[in-house]
Each structure stands twice: as structure tokens, then as C-alpha cells.
């Protein structure tokens, strides 16, 4: 029986596109942006939107050049004010490279990525990315059970194509030998997203499912929220792990209708069976990747974005958060990862494949960059364990509530906040990072060479 929905609709949030060789935001007064907003507000179904896609979270990075035998970009030149990272830098900063050097590459495991629409050039983008950075060829399978298509003239669909490029390329960076299955929902309407998750679960397509999308938990409705949760219950019973981005408007979320924002947590990240991934701003050596520091990600004044985090008003606090998270309701995030636009990850993207005029490398930011990379880490742990792991939150909270252990497994982020300033100057007070768990960065970012073996041995 079909699910019934109210007339509320979540506006299509991706209103940016690349023109020639630069990324340009479509303002609320531009014809393209107005058309996208009108289409969203007249659609009776909800939309789950990519966490990366609310503002211009991608910036053209220029063309790669080879220096000293290595591919580099202008945003990697020491002293530059606009920085970015490639695979080498992220692998080094988060301790992934030592695992890869030991053969822990995700071999034999499968990462499932849930996205919407079906751009025809995902494999080509991924091949260009891997060739540029000297990575092994990726084992990618596109699963399109609902007949998803792609219209490059639609700003919403172009936004999802950028999300797809980011997800598959950076999951591959972390777990280069893992198989990647991209499951494409027919649209980004909530019931279509739910159907894609259900398909991945019911067919057990992989060990871990990455979800780089979200919206105000209050916008979905009780019936559909229960449908999402039921899929996570079935998946967890099959030892599938779920990662979910916490959003890019700090402690705020866009309203269910209209252009306003309010204090809110993002679904599906708030579901207790998801590992919720928040955002940091990483400072690392632009050449070697040596870790320097991190702070809570907040670029709301420059890019209109900040790391999602806060407390549900719907989902009660799960048992694993007792004694760690204040209050009576689910707190997010659980963990964090680099999400800065300044300091973004290099991604090859071609939103208009019929012309390729917009094709190139962009630096992407957003918590949706962290969800697929955490999925890659989980694939590494599954390889070590020899099977999929299921829910990780119990193990993570049990260990990280002991501060010395937390500091062994995570970079504990203790500076910054996720207070969000809207485009109209409205300030929505958020939360501050602090020692231990916080509603901005969770327990922090991974020290993968220690965390991955821990997850494999204890979960």
C-alpha cells in the first residue's frame, strides 16, 4: 500500500552549477534558481537533499600539473589561502596509509552508496580521477532498480551528480580494493530514497551503506520515518553498517516549506542505527599530508555552511549514549571528518556530459564528504574481521567514553562551534566543541591505523 504524505515539501536545495571553468551559485533571483524552488514547492512529496548541496560547496580547482613526479593543484601550493587535499594528503593525515601499506585495502568487501538520479558518466569520472592520482582502477557497479534517469539541464539533478562523483571517488580513496555499488534512487523524493535503501538492505548488496543526504527530521513524518528505521533494523540484523552525514547548516536545518531555518537535527543521521558523521576543518601539510590540527567546521560566513549537529526532538537517546550525551534525546554526530570547502577534497566532476565544457577538478566540502570515507574505513575493518560488522556505535561509545582510549582512537576536536548564520544575517545558536563528545564533532576524526583494527577486533 503506498505511503501517504502531507502537502508539505522540502525545497530543492542544490542551486549551484558550473559554468565554463568556474562554479557559480544561482542566486534566489536567477531564473534557474527560481524554477528549481518553484518545482520543489509544488511537489507533494518530501525531498531528501545531499548534505553537500545547499550552498556552493564546490569550487573549481584548476588543472593538475606534475611537480616532482606528483600531481598537484594550485590550491596545494604552500602559502596559498585557498587550500585543498588529494588522496595522499587525506590518507596520511588520518592514518589510512599505514593500513594500505599492510594490505588492508578493503579487498573482498563492498561499499554501497545511496544517491539519486543516474548520470551516464560516473564510471568515466571515476576513471579520470583514479588515473590522475595513480590509484588502482575501481570496481564500480551501478545498480538502478527503479529506472532512474538524468537531465543535465535540471539544477537539482546536477547537484546529485556532484554528490555521486564525490561519494564514489572518495570511498575508493579510502578502500581502493573494495567493490563499490552505487544504488540510484529514481528521484530525491523521500519515498524513492527509502526504496533505494530498502533495496540495498533486502538484497544485502554490501557491508556498509553510505548516505550523504538529510533534512530536518520533522519534515519526513512519522510513517516514513518508521519506514526508514525498519530498513535500518533489517540491515543491522544482517550486520550491515550505515553511515549518514549530519548536514551542512550547522545546528540549523532548512524549514520544511519556505526559505527559513530553525534549530533542528538532520534525518536520517539521527536514527540510532546510523553512524552520524559531522564536519571538521582539517589543517594538514599540503604536500605530505602530515596532520597539524582540526577545528569544528564553520564556514557559514564565507560559504554558508557549517557542520551539522545537535539533538533530536523525536528520537529518544539510545542506550549507548547514556552517561555521555546530555538530555533525553539522540545527539549527533557520533564522529567527524574533514568537511571544509577551504581545505576541500579534490574531485573530478562533469555535470553536463553532453558537452563536457564544465568537466574538471573541483574542491568539495561538506559532511557528505565524510560519510563515504567513513564507509571506506568500515570496509577496511570488515576486511580485517573477515565479515561485515553491523552497528558500530556500541563499540565506539563504550571505548570513547574513556578519555585516554578516545584520544588513542580519535583526534578529539575541542575548538570551534556550529552556530549558523543564514544568508539574511539570522544567527541560529549552535554548540561548541569541547573535550570528549560534543554536538559538533562527536568523538572526533579517526586515527585510522588504530581505530580500524579496534573496530575489527571488538565489534
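The values are calculated or read from the model by the stated rules, or taken from the named source; none is laboratory data. All of these numbers come straight from a predicted model, not from anything done at the bench. Heads up, the Cβs are rebuilt from the backbone with ideal geometry, glycines too, and the neighbour counts pull from every protein chain shown.
Has the range 340-356 got any residue that is without any contact (Cβ under 8 Å) to a residue 40 or more places away in the chain and part of a strand (DSSP E or B)? Talk me through it step by step, then tell me what you get.
First, the residues of the range 340-356 that are without any contact (Cβ under 8 Å) to a residue 40 or more places away in the chain: 355-356.
Cutting the leftovers down to part of a strand (DSSP E or B) gives us none.
No; the residues of the range 340-356 include none that is without any contact (Cβ under 8 Å) to a residue 40 or more places away in the chain and part of a strand (DSSP E or B).
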#### Entry: Residue selected from the range 124-140 under the condition without any contact (Cβ under 8 Å) to a residue 40 or more places away in the chain and assigned to a helix (DSSP H, G or I), by the criterion farthest from residue 63 (Cα to Cα)
127
### Query
Of these, 53, 45, which one is surrounded by fewer than 21 Cβ atoms within 10 Å (Cβ to Cβ), closer than 28 Å to residue 269 by Cα and at pLDDT below 70?
45
#### Entry: Number of the condition not met by residue 375 [criteria: (1) touching a residue at least 60 places away in the same chain (Cβ under 8 Å); (2) closer than 29 Å to residue 342 by Cβ; (3) part of a helix (DSSP H, G or I); (4) over 18 Å from the mean Cα position of the chain (by Cα)]
(4)
### Query
Being within 22 Å of residue 310 (Cα to Cα) and surrounded by 16 or more Cβ atoms within 10 Å (Cβ to Cβ), is that true of even one residue in the range 349-365?
yes
### Task
Return the only residue of 197, 180 being surrounded by 19 or more Cβ atoms within 10 Å (Cβ to Cβ) and outside any strand (DSSP E or B).
197
### Message
Anything in the range 401-426 that is under 22 Å from the mean Cα position of the chain (by Cα), buried (at least 18 other Cβ atoms within 10 Å of the Cβ) and closer than 24 Å to residue 449 by Cα? List them, or say none.
### Response
409, 410, 411, 412, 413
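Is it true that residue 390 is on the phi > 0 side of the Ramachandran plot and in contact with a helix residue (DSSP H, G or I) (Cβ under 8 Å, 6 or more places away or on another chain)?
Working: on the phi > 0 side of the Ramachandran plot: yes; in contact with a helix residue (DSSP H, G or I) (Cβ under 8 Å, 6 or more places away or on another chain): yes.
Yes, satisfied.
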### Query
Is it fair to say residue 71 is within 23 Å of the chain's Cα centre (by Cα) and either part of a strand (DSSP E or B) or buried (at least 18 other Cβ atoms within 10 Å of the Cβ) (or both)?
no
#### Entry: Selection from the range 252-304 of residues that are modelled with pLDDT under 95, within 25 Å of residue 330 (Cα to Cα), touching a helix residue (DSSP H, G or I) at 6+ places or on another chain (Cβ under 9 Å) and in a loop (DSSP other than H, G, I, E, B)
255, 256, 257
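Being in contact (Cβ under 8 Å) with a residue 40 or more places away in the chain, in contact with a strand residue (DSSP E or B) (Cβ under 8 Å, 6 or more places away or on another chain) and under 30 Å from residue 68 (Cα atoms) is the requirement here; does residue 184 meet it?
Details: in contact (Cβ under 8 Å) with a residue 40 or more places away in the chain: yes; in contact with a strand residue (DSSP E or B) (Cβ under 8 Å, 6 or more places away or on another chain): yes; under 30 Å from residue 68 (Cα atoms): no.
The answer is no for residue 184.
So, residue 327, is that one assigned to a loop (DSSP other than H, G, I, E, B), crowded, with 18+ Cβ neighbours inside 10 Å and modelled with pLDDT of 95 or more or not? Please lay out each step first, then the result.
Details: assigned to a loop (DSSP other than H, G, I, E, B): yes; crowded, with 18+ Cβ neighbours inside 10 Å: no; modelled with pLDDT of 95 or more: yes.
No, not satisfied.
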### Task
Restrict the check to the range 395-412 and report whether at least one residue is assigned to a loop (DSSP other than H, G, I, E, B), in contact with a strand residue (DSSP E or B) (Cβ under 7 Å, 6 or more places away or on another chain), under 26 Å from residue 250 (Cβ atoms) and modelled with pLDDT of 95 or more.
no
### Task
Residue by residue through the range 427-440, note down the ones that are under 20 Å from the mean Cα position of the chain (by Cα) and part of a strand (DSSP E or B).
438
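Going by the structure shown, is residue 200 touching a strand residue (DSSP E or B) at 6+ places or on another chain (Cβ under 6 Å), under 24 Å from residue 228 (Cα atoms) and in contact (Cβ under 8 Å) with a residue 60 or more places away in the chain? Steps first, answer last, please.
On the way: touching a strand residue (DSSP E or B) at 6+ places or on another chain (Cβ under 6 Å): yes; under 24 Å from residue 228 (Cα atoms): yes; in contact (Cβ under 8 Å) with a residue 60 or more places away in the chain: yes.
Spelling it out, residue 200 is indeed touching a strand residue (DSSP E or B) at 6+ places or on another chain (Cβ under 6 Å), under 24 Å from residue 228 (Cα atoms) and in contact (Cβ under 8 Å) with a residue 60 or more places away in the chain.
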#### Entry: Which listed residue, of 231, 244, 171, is in contact with a helix residue (DSSP H, G or I) (Cβ under 7 Å, 6 or more places away or on another chain) and not in a helix (DSSP H, G or I)
244
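Name the single residue that is farthest from the chain's Cα centre (by Cα) among those in the range 441-459 being assigned to a loop (DSSP other than H, G, I, E, B) and at negative phi. Please lay out each step first, then the result.
The initial filter retains those residues of the range 441-459 that are assigned to a loop (DSSP other than H, G, I, E, B), namely 441, 443-444, 447, 459.
Still in the list and also at negative phi: 441, 443, 447, 459.
Numbers: 441: 14, 443: 17, 447: 18, 459: 23 Å.
Ranking the candidates gives 459 first.
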